[in-house]
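The next block holds one structure in the form of structure tokens; read it before the comments.
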Amino acid sequence: MSRKLKLLCVFLLSLFVAGLMIGDSSVEAAESVVKIGFLGPITGSDAAEGAAARNAFMLAISEANKSGEFPFKIEVIEVDDQSTENVAVAGAQEIVSESGVVAASGFWNSGPAAASIPVFKEAEIPLLIWGAIRESLTNEENVPYITRSAPTDKQENIPLAIKVLDEMAYKDWFIVSDVSSYGSGNFNAFKAELSARKITPLGEEQVPEDTTDLNAVVQKIKASGAKAVYCGSTVAIGSQLKRQLFEGGVKDILFCGISGMKTEDFLKIGAESAEGTLVVSPGVILEDTPEGSNFIKLYNSQGYSEPIGAFTPYAYEAALIIINALRACGEKPTAEAMVKAILDSKTTGIMGTTTFNKIGQTENVAAYLNVVQDGKWVPLEKSEYRQGGKLTFGGR
Amino acid sequence: MDMFFGLAVSAILLGCTYTLVAIGFSLFFGVMDVVVFCCGDIAIFGSFAIMGAYVVSQSAGLFGIFPFWVCVTLLILIGAVFCAAWGLITHQLSIKPFQNSSELMPLLSTIAMGTVIKEVLGLLFKPVVNTISTAFDSESAVTVVSGRNPQGFPSLLLPGGTVDARHLVIIAITAVLLFLLFLFLNKTKIGMSMQAISQNKELSLMTGINVSRVIIITFLIGGVMLAISGFLVGSYQKLMSFDDGAMYGAKGFSAAVVGGLRNTWGAVIGGMLLAFVEVFVSGYIPRGTAYSSIVAFVIVVIFIVFKPDGIIGDKSVEKV
Amino acid sequence: MSGTVVNTLEIDGLDTSYGRIPMLRGVSLNVPGGQVCCVLGANGAGKTTLAKAILNIVKADNGTMKLEGECMDSWPTHKRVKSGIAISAAAVGTFHKMTVEDNLKMGAYYIDDSLLNERLEEIYQSFPVLRERLRQKAGTLSGGERTMLAIARAVVNKPKLLILDEPSLGLAPIMVEEVFEIIRRLRATQISILLVEQNAAKALSVASSGYVIQKGAIVFSGTADELSRSEFVENPVM
């Protein structure tokens, strides 16, 4: 036998043996393991967010395994999407081709999420999105396979509306946004909140994104006699509008908006005019709730190198939702059963109680309000603008 | 009536900013017969240069040593040097090499130069990584790279004064600048030479005007004008983005076209007209702000189609 | 030609081209001091190209040019003008949006400010019609007045060599008479004139010598007498 032929034989043999071993393990796994996929940007530019989310997700799963509640072991197939669409799609295919996978949770970036959604729909495996916030990811076509436990940008407007329309009861509104999809989405969402309360705004204006001179809008607001201004835009338009209102003498109003404005730049550019601006932020103040503090304690005791990020609690929450759905599926959960179980689940975790609406979007919009006080963003309840505090908002 | 007055003031101020950029266009078009499309970018570069110089000089303690107005003048001079340099670079790289080719070439190459200027700014003034602080402030924060990169322009114009006073100063400086430009164009040899080249380039050569020198001087002066525009635009808007240049370029060019490309007064009238249309459309038409720029540009298109010479056109064209 | 007369302009072997098309081929000519020298030729023969080449507005490919014996090949246009060559080209027009006075001042680009008014006064005496039109835009002048202005603008500088490119172009006969009367008066001031003309009879009435140019090359040269008897001038094609 020539040497070449020998090498070839050894190669083929080793392939055969390897195949046997893989086949063997999968046969074994079918007995006592339930597999769940996790996708996120574990390396790459968004690694801080993705890796912390992975830690939290794994933490929740290992707690569930430790509890001994399930007759099977939950195993996580971890996929790094590197914030890149084609890597994400390849990862999604890797997950759905694995046997025994009953559900997956994934994505911080909306692009990779959108690209991978068809893979999960095709395989009929449920995907619970934990961190990507593009509104269109959940819709009538993607339901019931695609669900999302993180609120979208637009959903931020709901808690804001409850605060300023119901509690503070402002009636005379002027609403402004930019014409981008982010701006328009917020504009329409807040307008819907207004009309649900039978309020017609005194004026409304959508400005091109590159507008820097908003004086005409300021004059219009002045003439309309509005007592409150809503700005559904980012820091550039928001800070400029607030400053020009202030300089134009329109000072006795409530100026409120969404998290896109809650940046250090808003304070820097707005300077003294920024004072009293009310902005909504997604999430909860973990330290303030017992569940939240427990989570911080638990996470920090694990010795992870990545600190808790903005979406880390959402990933933890997503794992809790999946675990809760597994409970509803009995001893042998299947992907088919999990699709329904996730959509119908009602899970109380660290961010409140999550349920899904008919398009698979969470109905739990955890959010809190912030106000600019002495040149800093301060949570409303801790500021002097709170009920009974020393300061009051304008326009009252 | 109150609103009308408020809108009128806004329109005049906006008109001032457009006019200053438009004058750049008409100066360059006058002597070179080319549309230098990067005027807006040069002006915005000027305001960023002033901003950068401000940060450096402040950390160096310059404002403690000299009186405030001396420092501000110095900063504007620094901006002027940068803009004049860009003017020169634009001429040498984007216009001169295409002197004998189609008129479209310098148009395209100056658009390209505008992109270069914009990207240089984008590189120098890195997109601000906005820390959207969330509930988890103490632990971490979401970072959002804001592509539009807004920068606050320092208060260099009457920092202690009221807004109205500052606006008045902006209008006054624009008026003085226009008056000085008028004097320069009509009372100095170089200014007269610029007009001569604008009216009859061949005869200018025959008259012994050092045409290439005058062209370079025009670009230097245009650069200085644009730097002052950048300063005023910055002081008025208070918020600058590195890619604002394209918008100011488009508005300035439109103003120049509406007014008459070769005419400096046309630039003033065009700039004001454009600003008034924009502000009043935005002010009096419900939800009009989204369309104010579009209405303004439609007017420009109408002028290009029906009255390409502009409001102050070239009526006395010589018949030979 | 007589050796005692110093040539104001000497051209030797001048070639020019427009792109790759040759325009002038080996043109050599002399403009004697204080005299009128004419260049005759049909439309498109290269007369105007020659006039522009002398000022370096059209670049020379080959050949040398001397102004009062000094080689000026490396001089840019504005230096040639400053050194005393002036051109009046009817076809090029005026600065139409400037006043008549400003047009003249542009012509006086290299005259010291203190001498300017004196010099302008002299011009108004020679061209009285311009004094009446001082504040008028040049674009509103009549054809004859514009030609006057073009000549006046060229002589403000007190040039050593005056090139007149087709001064009679497009003028009514009576105006042509007047223009040539001015040329005679200028000749009397001992200025050297290169008169480029299509109207041979008129040109020869003021010139003392001349050249005939055809298809970019000099085909005949001589005194005014010799020229007027030559086949080129008698030829009705001209």
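Taken together, the values in this text are just the output of simple stated rules run on the coordinates, not laboratory data. Since the model is a prediction, treat every value here as computed from it, not as a measurement. Glycine also receives a Cβ, built like all others from the backbone with ideal geometry; neighbour counts cover every protein chain displayed.
In terms of its C-alpha gyration tensor, region B:1-80 has an oblate overall shape, because the principal axis ratio a/c (a ≥ b ≥ c, square roots of the eigenvalues) is not below 1.5 and a/b does not outweigh b/c. Straight-distance candidates among the lysines for linking to A:K376, with alpha-carbon spacing under 16 Å and chain neighbours fewer than 8 residues away dropped: A:K242, A:K262, A:K268.
At a Förster distance of 35 Å, what's the computed FRET efficiency of C:K82 paired with B:D33, Cβ-Cβ distance as r, to 0.05? That pair, C:K82 with B:D33, gives E of 0.90.
Here A:K121 is the anchor, and the aspartates and glutamates within straight C-alpha reach of less than 17 Å, apart from those fewer than 8 places off in the same chain, are A:E85, A:E94, A:E98, A:E140, A:E141, A:E336. Placing unit charges on the Cβ atoms only, positive for Lys and Arg and negative for Asp and Glu, gives region B:2-303 a dipole magnitude near 600 debye about its Cα centre. About the centre of its Cα atoms, the protein assembly as shown shows a dipole size close to 2400 debye [charges on the beta carbon of Lys, Arg (+1) and Asp, Glu (-1) only; nearest 20 debye]. This ranking places C:M106, B:M3 by how few other beta-carbon atoms lie within 10 Å of each, fewest first, which gives B:M3, C:M106.
Over what distance in Å are the Cα centres of region B:235-263 and region C:32-69 separated? Comparing the Cα centres of region B:235-263 and region C:32-69, I get a distance of 47 Å. Let me know the shape class of region A:178-237, please: from the alpha-carbon gyration tensor, a ≥ b ≥ c as square roots of the eigenvalues, rounded when a/c is under 1.5, otherwise prolate if a/b is greater than b/c, or oblate. In terms of gyration-tensor shape, oblate.
With unit charges on the beta carbon (Lys/Arg positive, Asp/Glu negative), name the residue among B:S101, C:F95, B:V55 whose Cα is farthest towards the positive pole of the charge dipole of the protein assembly as shown. The residue sitting farthest along the positive end of the dipole is C:F95.
Ranking B:F179, B:F4, A:F57 by Cβ neighbours within 10 Å, fewest first, what do you get? The partial results should precede the final answer.
Details: B:F179 10, B:F4 13, A:F57 27.
Listed from fewest to most nearby Cβ atoms, that is B:F179, B:F4, A:F57.
Neighbouring Cβ atoms from other chains, within 10 Å of the Cβ of residues in B:196-202, number 5 on average.
If R0 is taken as 60 Å, the Cβ-Cβ distance between B:Q92 and A:D252 corresponds to a FRET efficiency of 0.60. Cβ crowding within 10 Å, taken as a proxy for footprinting-reagent exposure, orders A:I117, C:I174 from fewest neighbours to most as C:I174, A:I117.
Taking the longest Cα principal axis of chain B as reference, the axis of helix B:2-32 is set at about 50 degrees.
Counting lysine pairs in region B:2-303 that sit 8 or more residues apart in sequence, or on different chains, and whose Cα atoms lie under 19 Å apart gives 7.
Collect residues whose amide H, placed 1.01 Å from N in the peptide plane, falls under 5 Å from the amide H of A:G309; neighbours closer than 5 in sequence don't count. Distant-sequence amide H within range of A:G309: zero hits. For chain B, modelled as a GNM whose springs connect Cα atoms under 10 angstrom apart, the maximal fluctuation among B:V120, B:V257, B:V35 occurs at B:V120. Compute the acute angle (0 to 90°) between the alpha-carbon long axis of helix C:173-188 and the principal axis of greatest extent of the alpha-carbon atoms of chain C; round to the nearest 10°. For helix C:173-188, the angle is close to 80 degrees.
Report, to the nearest 10°, how far helix A:3-32 tilts away from the longest principal axis of the Cα atoms in chain A, using its own Cα long axis and a range of 0 to 90°. Between the helix axis and the principal axis of chain A, the angle is about 60 degrees. Three semi-axes describe the equivalent ellipsoid of region B:2-303; taken as square roots of 5 times the Cα gyration tensor eigenvalues and ordered largest first, they are 32, 23, 21 Å. Consider a paramagnetic label point 7 Å from the Cα of C:D113 along Cα→Cβ; state which residues of region B:211-248 have an amide N under 13 Å from it. Flagged as within label range: none.
Centre-to-centre, using Cα atoms only, region A:234-305 and region A:90-109 are separated by 35 Å. By the rule of a C-alpha distance below 16 Å, with chain neighbours fewer than 8 residues away ignored, the lysines paired with A:K358 are A:K340, A:K346.
Determine the dipole magnitude for region A:131-253: charges of +1 sit on the beta-carbon of Lys and Arg, -1 on that of Asp and Glu, nothing else is charged, the reference point is the Cα centre, and the result goes in debye to the nearest 20.
Numbers: 14 positive and 17 negative charges, 85 e Å.
For this selection, approximately 400 debye.
Given chain A reduced to its alpha-carbon atoms as identical point scatterers, what log10 I(q)/I(0) does the Debye formula return at q = 0.06, 0.08, 0.14 Å⁻¹? For chain A at q = 0.06, 0.08, 0.14 Å⁻¹, log10 I(q)/I(0) is -0.30, -0.50, -1.18. Close amide H partners of C:D61, meaning residues 5 or more places away or on another chain with modelled amide H under 5 Å apart, are C:D15, C:T16, C:S17.
Residues whose amide H comes within less than 5 Å of that of B:L239, counting only those at least five positions distant or on another chain, are B:F153 (H built at 1.01 Å from N in the peptide plane).
Applied to region B:179-186, the Karplus parametrisation 6.51 cos²θ - 1.76 cosθ + 1.60 on θ = phi - 60° returns per-residue 3J(HN,Hα) values of 5, 4, 5, 4, 4, 4, 5, 9 Hz, with x for Gly and Pro.
For region B:192-268, what is the Kirkwood hydrodynamic radius in Å, using each pair of distinct C-alpha atoms? Please list the in-between numbers first.
Values: mean 1/r = 0.0695 Å⁻¹.
Mean inverse Cα-Cα distance, inverted, gives 14.4 Å.
Take each residue in A:261-273, count the other chain C-beta atoms within 10 Å of its C-beta, and the mean is 4.
Per residue of A:48-59, count partner chain C-beta atoms within 10 Å of its C-beta, then hand back the mean as an integer.
Working: counts 4, 3, 0, 0, 2, 0, 0, 0, 0, 0, 0, 0.
Taking all residues of A:48-59 together, the mean is 1.
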